[in-house]
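Working notes, beginning with the structure itself.
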Amino acid sequence: MKEVLRTNDPVKLSYAQSLLRDADIEPIVLDQGMSSMYGGGLPMIRARIMVIDEDAWRAGELLAELREDEA
């Protein structure tokens, strides 16, 4: 599994999942509960989107613009 996005933004998280599913890539979201428990106020606890290794490069390309916004 590879991480392709990390964010506190629930809209960005949902959009990223939708982009990946539309490309037939199944996203797995980790730490979403911890991220939302604190209202996204703690920057060190962010939801992470993971994909299988074989889909990581393609997922990274699809989400490149979203990751640039996080930087």
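Every number in this text was worked out from the coordinates using simple rules, so none of it is lab data. On a predicted model such as this, the values are computed, not experimentally measured, just so you know. With ideal geometry, Cβ positions are generated from the backbone for all residues, glycine too; neighbour counts draw on all protein chains shown.
At residue 58 and residue 11, where each label point lies 7 Å from the Cα along Cα→Cβ, what is the point-to-point distance in nanometres?
2.9 nm
Hey, can you grab everything whose amide H is under 5 Å from the amide H of residue 5? Only 5+ residues off in sequence or another chain; H modelled, so Pro and N-termini drop out.
49
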